[in-house]
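Structure, as structure tokens:
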Amino acid sequence: MFKRASLLKDTYVYYFRNYYRSKSFYLMFLMAILVSILLIYLSFRYQSQISSFAHRAGLDIIGPHGDELVLAYLWTFILSLLPVFASVFFGSPAISSEIESKTAFHIFTLPIPRTILLTGKYLAAVTVTSLIVVTFTVIEIATFQYIYGIILIQFLYSFLLTILFIFSISGVTFLISSLFNKNTYAYISVLLIYLLIFNAGTIIIELLYKVTPYYLLNEAETIVYRVFLNFSFGITTTVPSSLSASTHEIIASSLILALYAIISFGITLILFERKEVK
């Protein structure tokens, strides 16, 4: 047991260093900083106009922190997109790159169980993505502290839900990567499945059944920013609310995100164990 734990630790450190030193990490980190700078500018520039923007969107602000909630909603909407793009960089080539570059010939022959290899790489990808999210969140909180002199409790909920979403989207991305032997196919498939197929599924289900499919990953992740305002748009309905998402909705979405993480990574482990290098 201790030997396996030590192997997992060593594998995790090895892949973490590879991710941390990669161009993809610095590109994502730079992207997070640039987006943060843009949002800081918008926060200061349009701070006094937030109420009018919300009113035109059909949202009547209620409570002493209404402006802060609307602005936090916008910041966190962008935050929820960072794990998606990070997963493309870190997760898409996770397995397919080993096959395409032939490094799998060396890795698969190491005296290390494949489950440990995959788990270490998965946790490393989750960690580097979380570092980018932490950077963005710290800037977000610092901006609100400076402008309003307060820190909303919802920031904690949003951050924890984002970390859970990172586990989910990374698991799905690793699963997709395990299905291909070429990086290009994995990259394209991840983008198509999350940005096109999931969203198309949402539209079709809403049109046919007049309900929002919160069990789809793209819908479940909206809880990241709905902890501030339960403000969502649908094909058949538009539900603006200055109230935050209910405890029931937060728990339900958290369970859905957790299931995506567990099931997708579990399937990936099975496929990875049977993966052959050709």
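The values are calculated or read from the model by the stated rules, or taken from the named source; none is laboratory data. Fair warning: this is a prediction, and the values are worked out from it, not measured in the lab. Backbone-built Cβ (ideal geometry, glycine too); neighbour counts: all protein chains shown. Heavy atoms of the whole protein, side chains included, go into the accessibility calculation; ligands, DNA and RNA do not. Shrake-Rupley method; radii C 1.70, N 1.55, O 1.52, S 1.80 Å.
Take the conditions at pLDDT 95 or above, aromatic (Phe, Trp, Tyr), surrounded by 16 or more Cβ atoms within 10 Å (Cβ to Cβ) and under 27 Å from Thr76 (Cβ atoms) and apply them to Phe167. Does it pass? Don't jump to the end; show me each part of the working.
On the way: at pLDDT 95 or above: yes; aromatic (Phe, Trp, Tyr): yes; surrounded by 16 or more Cβ atoms within 10 Å (Cβ to Cβ): yes; under 27 Å from Thr76 (Cβ atoms): yes.
Here the answer is yes, as Phe167 does meet what is asked.
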- Message: Under 6 Å between Cβ atoms, which residue pairs at least 6 apart in sequence (or on different chains) link something in segment 76-105 that is under 15 Å from Leu192 (Cα atoms) with a partner that is at pLDDT 90 or above and of a type in the set (Phe, Trp, Tyr)?
- Response: Gly91/Phe174
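I'm trying to understand the selection: among the residues of segment 32-47, which are open to solvent by less than 80 Å² (accessible area, probe 1.4 Å) and touching a residue at least 40 places away in the same chain (Cβ under 8 Å)? Give the steps one after another, and end with the answer.
We begin by selecting, within segment 32-47, every residue open to solvent by less than 80 Å² (accessible area, probe 1.4 Å); these are 32-33, 35-36, 39-40, 42-43, 46-47.
Matches in segment 32-47: Ala32, Ile33, Val35, Ser36, Leu39, Ile40, Ser43, Gln47.
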- Query: If we scan segment 24-31, do we find a residue that is part of a helix (DSSP H, G or I), open to solvent by less than 30 Å² (accessible area, probe 1.4 Å) and at pLDDT 90 or above?
  - Reply: yes
- Note down all Cβ pairs under 6 Å where the first residue falls in segment 1-30 and is within 13 Å of Thr127 (Cβ to Cβ), the second is outside any helix (DSSP H, G or I) and polar (S, T, N, Q), and they're at least six residues apart or on different chains. none
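Each row is one residue, and each column tells you yes or no for (1) crowded, with 18+ Cβ neighbours inside 10 Å; (2) in a helix (DSSP H, G or I); (3) modelled with pLDDT of 90 or more.
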| site | (1), (2), (3) |
| --- | --- |
| Ser97 | no, yes, no |
| Phe105 | no, yes, no |
| Pro111 | no, no, no |
| Tyr122 | yes, yes, yes |
| Val126 | yes, yes, yes |
| Thr129 | yes, yes, yes |
| Glu140 | yes, yes, yes |
- Note on the structure: Result of the Cβ filter at 6 Å on segment 187-205, keeping first residues that are on the phi < 0 side of the Ramachandran plot and partners that are open to solvent by 40 Å² or more (accessible area, probe 1.4 Å), at least 6 apart or interchain, is Ile203/Ile235
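Looking for whichever is modelled with pLDDT of 80 or more and open to solvent by less than 20 Å² (accessible area, probe 1.4 Å) here; the options are Ala252, Ala220, Ala258, Ala200. Which one fits?
Exactly one of Ala252, Ala220, Ala258, Ala200 is modelled with pLDDT of 80 or more and open to solvent by less than 20 Å² (accessible area, probe 1.4 Å), namely Ala220.
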